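Everything below concerns the one structure shown next.
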Amino acid sequence: QVQLVESGGGLVQAGGSLRLSCAASGRFFSINTMGWYRQAPGKQRELVAGLTSGINTNYADSVKGRFTISRDNAKNTVYLQMNSLKPEDTGVYYCNVVPLPILSWGQGTQVTVSA
């Protein structure tokens, strides 16, 4: 059973930065195909950043140039560096497999960006 634990969220002013972490536990689980999803208030969950084959990255247009996804294999952890945050980045952030989130969702981490 793979468990995903997200952390690093918080309240930040527009223009600020946060670094989210997703720790994955479970035998033989690879973090080479992981992504970060976001659920804004009243909206459906969307994929904002993906990492495939351990090296290829892709981003939603809304975060391109501001967010960076990375991984640390030794720690089985995926990160999301978020810079130049905007109020519309507010939401609960989750990690899961890409392109289809086939694992059980973690609790997520709340990101709130004030204007």
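The values are calculated or read from the model by the stated rules, or taken from the named source; none is laboratory data. The shown structure was predicted, so the numbers you read here are calculated from the model rather than taken from an experiment. No Cβ is skipped: glycine too gets one built from the backbone with ideal geometry, and neighbour counts run over all protein chains shown. The accessibility values were calculated without ligands, DNA or RNA, using every heavy atom of the protein model including side chains. Shrake-Rupley method; radii C 1.70, N 1.55, O 1.52, S 1.80 Å.
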Pair list, Cβ under 9 Å, 6 or more apart: the range 31-47 residue without any contact (Cβ under 8 Å) to a residue 40 or more places away in the chain, other residue aromatic (F, W, Y): E46/Y37
If we scan the range 80-93, do we find a residue that is closer than 29 Å to Q1 by Cβ and surrounded by fewer than 17 Cβ atoms within 10 Å (Cβ to Cβ)? yes
Residues Q44, Q1: which one is within 20 Å of L100 (Cβ to Cβ), in a loop (DSSP other than H, G, I, E, B), modelled with pLDDT under 90 and open to solvent by 80 Å² or more (accessible area, probe 1.4 Å)? Q1
Those residues of the range 27-44 that are closer than 17 Å to V5 by Cα and within 15 Å of the chain's Cα centre (by Cα) come to a total of 9
Looking for something surrounded by 15 or more Cβ atoms within 10 Å (Cβ to Cβ) and under 13 Å from V113 (Cβ atoms) - is there at least one such residue anywhere in the range 69-76? no
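Within the range 53-70, is even one residue among the small types (G, A, S) and assigned to a strand (DSSP E or B)?
Kept after step one, since they are among the small types (G, A, S), are these residues of the range 53-70: 53-54, 60, 62, 65, 70.
Now drop any that are not assigned to a strand (DSSP E or B), which leaves 70.
Looking through the range 53-70, at least one residue is among the small types (G, A, S) and assigned to a strand (DSSP E or B).
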Name the residues in the range 94-115 that are hydrophobic (A, V, I, L, M, F, W, C), part of a strand (DSSP E or B) and over 15 Å from L4 (Cα atoms), would you? V111, V113
List pairs: first in the range 8-22 and of a type in the set (S, T, Y), second assigned to a loop (DSSP other than H, G, I, E, B), Cβ under 8 Å, 6+ apart or cross-chain? S17/N83; S17/S84; S17/L85; S21/G8
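Taking the conditions exactly as written (in contact (Cβ under 8 Å) with a residue 24 or more places away in the chain, among the charged types (D, E, K, R) and touching a strand residue (DSSP E or B) at 6+ places or on another chain (Cβ under 9 Å)), does R66 satisfy them or not?
Numbers: in contact (Cβ under 8 Å) with a residue 24 or more places away in the chain: no; among the charged types (D, E, K, R): yes; touching a strand residue (DSSP E or B) at 6+ places or on another chain (Cβ under 9 Å): yes.
No: the conditions fail for R66.
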Looking at S21, is it more than 17 Å from Q81 (Cα to Cα), of a type in the set (S, T, Y) and surrounded by fewer than 18 Cβ atoms within 10 Å (Cβ to Cβ)? no
